[in-house]
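The values are calculated or read from the model by the stated rules, or taken from the named source; none is laboratory data. Worth saying up front: this structure is predicted, and the values here are computed from it rather than measured. Here the Cβ positions follow ideal geometry from the backbone for every residue, glycine too, while neighbour counts run over all protein chains shown. Quick note on the areas: whole protein, heavy atoms, side chains included, nothing else; ligands and nucleic acids left out. Shrake-Rupley method; radii C 1.70, N 1.55, O 1.52, S 1.80 Å.
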Amino acid sequence: MTPHAEPPGAGSPDSGTPDSGTPGPATPPTATPRSLVVDRIGLLVSNDPEVGERSDVALVLEDGVVAAVLDAGSTVAADARLDAAGCCVVPGFVDSHTHLVFAGDRGDEFAARMAGAPYVAGGINVTTDATRAASTDELTALARARLAEARRCGITHLEIKSGYGLDVATERRICEAAAALTDDVTFLGAHLVPREWADRPDAYVDLVCGEMLDACAPSARWIDVFCEEGAFDPEQSRRVLEAGRAAGLGLRVHGNQLGFGEGVRLACELGAASVDHCTYLTDADVDALAASDTVATLLPATDFSTRQPYPDARRLLDAGARVAIATNTNPGSSYTSSMAFCLALAVRDMGMTVAEALTAATLGGARALRRADVGHLGLGARADAVVLDAPSPTHLVYRPGMDLIAHTVVRGEVTPSRAS
Ligand code: NIG
């Protein structure tokens, strides 16, 4: 039986409700029930050692947090009820790497890659041209529509990077648009040296570390740099990260995506929360990750779309490294918000079990964002959950391409995932 919500009013369409009250929502939620009971859960995966994995339960959500886990059918007063109909409930996906704010389309570039052309970082310039030309209202509307798509895919919290402005005004506009949707905004002025600075890359790094950082830091929690041949070298990357840290931002790195390099070791040395991609790793890189708190965030939909080899998640897990899986939603290298697709690739091609992949896409994402409030359904956690139209998480991988996200619950509010 398919899970369904009662009353229907409890499931208003996602309107781009922000992930957090800070900074404030552009459209405040009005219909959030104070309490919601998700009843008749066949299997609850909580990621919490106290709650554990339980069968035949009801999840009680109050004031936006997890209040209790009771036996299914328990009598408990609530403003709204959701019948899981014996299906599985998991923590909401935490997508710790997205580039949701952009304009334009690069379908032609994807088609050329599928015909044999290589992926090159320079494609970022194409999206930058389109993004600079778009108004702030257009960018905001596009990002809200993509957030709604992400919700329908079970993503309940996400990070959003800038990086398609690459000038002070546009980077600021992107960060401000992103801050209306999430409190995990990342300033990525060091995504690529834009064309107009191509012959003065160090001067562009000065701009990123100075005026651009000053303009963007008030809306951001993180700074990121694309440390890769064709983007920023290790010395430039270090300057960007140290400037961001001095401005009070946490550190993230794009590293080891297109070849071996120093990105991973730089991220670990500087105590970055996450280094993302990690496709090409030496033993020294794996050892550095295992010895650090830096999360290795793997982006398998990117390797699918760019025809890169998949990262070896098994090698990282066996070494003791922390691993997250994220979608990397962007128009160039990974135009999807389907975390289920990422899980399927991780299990099929990266050596992960279903349980490991699910943990990486929930708790792993939360760790990559250094958050304790999301990624699990322990008591007091944010009331972010996914009701699957399936008896277990295995079906997310076993039935690839199927829409098994019946309902996404964000802060105790039900978002219908389907038209019906
Ligand atoms: O994470 N690697 C750098 N940035 C994006 C790709 C951006 C693009 O091609 O537009 C990524 O894959």
**Message:** Binning at 10 angstrom from zero up to the longest distance, how are the C-alpha pair distances of the range 94-368 distributed in percent?
**Reply:** 7, 33, 40, 18, 2
**Contour excess over end-to-end distance, with Cα ends at Asp373 and Asp137 and 0.36 nm allotted per residue** = 81.9 nm
**Asked** Say we join alpha carbon atoms closer than 10 Å with springs in a Gaussian network model of the chain; which of Asp79, Asp108, Asp39 then has the biggest fluctuation?
**Response** Asp108
**Complete:** Across Ala319, Ala112, Ala366, the residue with the highest GNM fluctuation in the chain (Cα network, 10 Å cutoff) is Ala112
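Give me the orientation-averaged projected area of the Cα convex hull of the range 358-420, in nm², one decimal.
5.0 nm²
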**Complete:** Cα convex hull volume per residue for the range 217-374, in Å³, equals 111 Å³
**Complete:** antiparallel share of DSSP beta bridges within the chain, to nearest 5, in %, is 50 percent
**Fill in**
Checking rank on 171-183, 64-76, with mean other Cβ inside 10 Å and highest first, the result is 171-183, 64-76
**Asked** In terms of the Cα gyration tensor, with a ≥ b ≥ c the square roots of its eigenvalues, is the range 181-299 rounded because a/c is under 1.5, prolate because a/b exceeds b/c, or oblate?
**Response** oblate
**Message:** Springs between alpha-carbon pairs under 10 angstrom, Gaussian network model over the chain: which of Gly122, Gly378, Gly263 fluctuates most?
**Reply:** Gly122
**Request:** Apply 1/(1 + (r/R0)^6) to the Cβ-Cβ distance of Ala112 and Glu149, taking R0 = 25 Å, and write down the FRET efficiency to the nearest 0.05.
**Result:** 0.50
**Per residue solvent-accessible surface (Å²) - the range 362-420, probe of 1.4 Å** = 37 Å²
**Fill in**
For the range 94-368, the percent of accessible surface on carbon and sulfur atoms (probe 1.4 angstrom, ligands and nucleic acids excluded) is 51 percent
**Request:** Over the range 137-280, give the accessible area per residue in Å² for a 1.4 Å probe, as an integer.
**Result:** 32 Å²
